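Here's the structure, in structure tokens; my notes come after.
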Amino acid sequence: MKSVAIIGGGITGLTAAFYLQRRGAAVTLFEASSRTGGVIHSIRKDGFLAESGPNTILETSPKIAQLIHDAGLDPRKLTPDPHAEARFVVRDGRPIEMPGKPLGFFATKLFSIGAKLAVVREPFIKPRRDGVEESIGQFVVRRFNQEFLDHAIDALVAGIYAGNPNKLSLTHAFPKLKALEDNYGSMIKGQIFGARDRKKSGEVAKDRAPKFSFDEGLQVLPDTLAARLGGAVKLNCPVTKITHVGSRWRVTAAGAENEFDAVIFCGTAYGLAQLQLHATAPIDLSAFSEIRYPPVASVVLGFKRADIAHPCSGFGMLIPGIEKFNILGTIFSSALFPDRAPTGHLTLTSYVGGERQPELAALPPDKLVALVTGDLRKLLDVRGEPTFVHTAFWPRAIPQYNVGYGKYRDLLTGLESANSHLFFAGCYRDGVSLGDSIVSGANIAERVANSF
Ligand SMILES: Cc1cc2nc3c(=O)[nH]c(=O)nc-3n(C[C@H](O)[C@H](O)[C@H](O)COP(=O)(O)OP(=O)(O)OC[C@H]3O[C@@H](n4cnc5c(N)ncnc54)[C@H](O)[C@@H]3O)c2cc1C
């Protein structure tokens, strides 16, 4: 029986360990902290369910539904209320519903006539073929216009990466948008003519992918996988050193050393930078500390339903930086899934900080709650005080796939080819969403199993 060490007990490491164990490998999962799940953290308190980290999984690949099924979690899966599909973007201080249908785009107050004409013009703009890596901001201005960037894409980028659109790489952070231009010459043409290709591959675009969670929040998934792994999970075991010894790898964690046939690193980029890796000679991993993870605070507030004038029926609202609020975006959590708030109450989950205003994320909880409540009063006409408060601070939240990120991905590929049975997976390599991380974990398990 082959033995595999998996470093990191977030969703990537848990998925990889779960599938490798099912394929007969002897797995050991080392997690530095006292719990599994990484940034997934659901808390049930006073009848409210608060998600400190991610709120929903987007089902962008069939591998995601497969994991839920294989983990026996189909009966606990919750899909959002079909009436909660509306998404709002703030313009001129008010949340405006994003048009769901193409024709609605021409009627929306979200964009001026100039932005609408830019969409009509887009299929006629020549694709860029010079190989120069652009930011998503440069791409949007080139193919649409500045208003699209300032009033739509900036908000979207804050919602996914808590990032800066003028720094995030089109190639690495939005590869599917780049592929539309590369393959169809235009985003609009790619949306229309690419539908058949997407159907064939089973992949679903992020803006169309169904979302889901579980009855007791996303934590159900890591908890279930960890329970299946049982004694294979070693908590409070930060791995500090990996050494190649003969044809095996020696893993040093919490003062103990054990040898394995293969190692997968499923931690964070800044965790990787601190790891001592010794193959035939020591390998310097310090370059990975350059990858930026901006701080984010999540602020979950409960209110009496009667104290909010806005219906809050929908997924939530995104706020572009140009609108000058403190919140990056707010999810209408209790409108999405049942049992997130007691009867007569609402739960709103807001995010603060990111690349836009990193200094705000580290504010003490009472100041954060005051800032967020102040914004919600203006945006959603909230009157009363919160009846429930839960805040969480992520000093290093989401890796930024900024222009030049290919350097880090190439380093990882080079390390894998130079070192037999050493693998890398997770949100610092394969995409930052939960769905991407599940696919990353499932794929790496397959690669490791096939490598023996
Ligand atoms: C606030 C927030 C909101 C988000 N919202 C969403 C959302 O709604 N939907 C969505 O799809 N995605 C969302 N994401 C992104 C998504 O949650 C992550 O991409 C995904 O959970 C990453 O999983 P991971 O296993 O790759 O990494 P992580 O969850 O970061 O796990 C890595 C684990 O490795 C451990 N580790 C690191 N180094 C070592 C070491 N040397 N030894 C042992 N253990 C180590 C860490 O302790 C950690 O537990 C959000 C992220 C954040 C922070």
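Odds and ends about this structure:
- Candidates ALA425, ALA442, ALA362: the one that is in contact with a Lys or Arg (Cβ under 6 Å, 6 or more places away or on another chain) and either surrounded by fewer than 20 Cβ atoms within 10 Å (Cβ to Cβ) or not charged (D, E, K, R) (or both) is ALA442.
- Count of residues meeting criterion [farther than 26 Å from PRO54 by Cα and of a type in the set (A, V, I, L, M, F, W, C)] in the stretch 382-411: 1
- Among the residues making up the stretch 307-324, those that are touching a residue at least 60 places away in the same chain (Cβ under 8 Å), away from the ligand (no atom under 11 Å from the Cβ) and in a loop (DSSP other than H, G, I, E, B) are ALA309, HIS310, CYS312, SER313, GLY314, ILE319, PRO320.
- Of all residues in the stretch 66-89, none satisfies being near the ligand (Cβ under 9 Å from one of its atoms), of a type outside the set (D, E, K, R) and under 30 Å from LEU149 (Cβ atoms).
- In the stretch 78-98 there is no residue that is surrounded by fewer than 18 Cβ atoms within 10 Å (Cβ to Cβ), more than 22 Å from the chain's Cα centre (by Cα), closer than 18 Å to GLU216 by Cα and in the same structural domain as LYS378 (by TED's automatic domain parsing).
- Screening the stretch 36-54 for residues that are over 16 Å from GLY10 (Cβ atoms) and buried (at least 22 other Cβ atoms within 10 Å of the Cβ) and picking the one that is nearest to the ligand (Cβ to nearest atom) gives ALA50.
- Residue satisfying condition, being under 30 Å from THR56 (Cβ atoms), modelled with pLDDT under 95 and crowded, with 18+ Cβ neighbours inside 10 Å, within set PHE148, PHE139, PHE144: PHE148
- For beta carbons closer than 9 Å, sequence separation of 6+ or different chains, a first residue in the stretch 46-74 that is closer than 20 Å to GLY159 by Cα and a second that is charged (D, E, K, R) and away from the ligand (no atom under 16 Å from the Cβ), the qualifying pairs are ALA50/ARG44.
- Those strands (runs of 3 or more DSSP E) of the stretch 1-92 in which at least 2 residues are of a type in the set (A, V, I, L, M), considering only elements entirely within it, cover 3-7, 26-30, 48-51, 87-91.
- Filter pass, ARG208 being modelled with pLDDT under 95 and part of a helix (DSSP H, G or I): no
- Count of residues meeting criterion [within 15 Å of the ligand (Cβ to nearest atom) and modelled with pLDDT under 95] in the stretch 246-255: 2
- Selection status of PHE139, within 20 Å of VAL90 (Cβ to Cβ), among the hydrophobic types (A, V, I, L, M, F, W, C) and away from the ligand (no atom under 16 Å from the Cβ): no
- PHE260 passes every criterion in (1) touching a strand residue (DSSP E or B) at 6+ places or on another chain (Cβ under 8 Å); (2) away from the ligand (no atom under 16 Å from the Cβ) apart from (2).
- Residue ID - nearest to ALA16 (Cα to Cα), chosen from residues in the stretch 400-429 that are within 8 Å of the ligand (Cβ to nearest atom) and either at pLDDT below 95 or within 14 Å of the chain's Cα centre (by Cα) (or both): GLY426
- Qualifying residue in the stretch 18-33 (condition: near the ligand (Cβ under 10 Å from one of its atoms) and under 17 Å from the mean Cα position of the chain (by Cα)): no
- Look at (1) among the basic types (Lys, Arg); (2) surrounded by fewer than 16 Cβ atoms within 10 Å (Cβ to Cβ); (3) more than 30 Å from PHE337 (Cα to Cα) and you find that LYS101 fails only one, number (3).
- Residues being within 12 Å of the ligand (Cβ to nearest atom) and out of contact with any Asp or Glu (no Cβ under 8 Å at 6 or more places or on another chain) - total across the stretch 430-452: 7
- Boolean, THR15 is at pLDDT 95 or above, assigned by TED's automatic domain parsing to the domain that holds GLU446 and within 9 Å of the ligand (Cβ to nearest atom): yes
- Matching entry among ALA397, ALA392 (being near the ligand (Cβ under 10 Å from one of its atoms), modelled with pLDDT of 95 or more and more than 27 Å from ALA5 (Cα to Cα)): ALA392
The values are calculated or read from the model by the stated rules, or taken from the named source; none is laboratory data. Keep in mind it's a predicted model, so treat the numbers as computed, not measured. For neighbour counting, all protein chains shown are included, and Cβ atoms are generated from backbone atoms with ideal geometry for every residue, glycine included.
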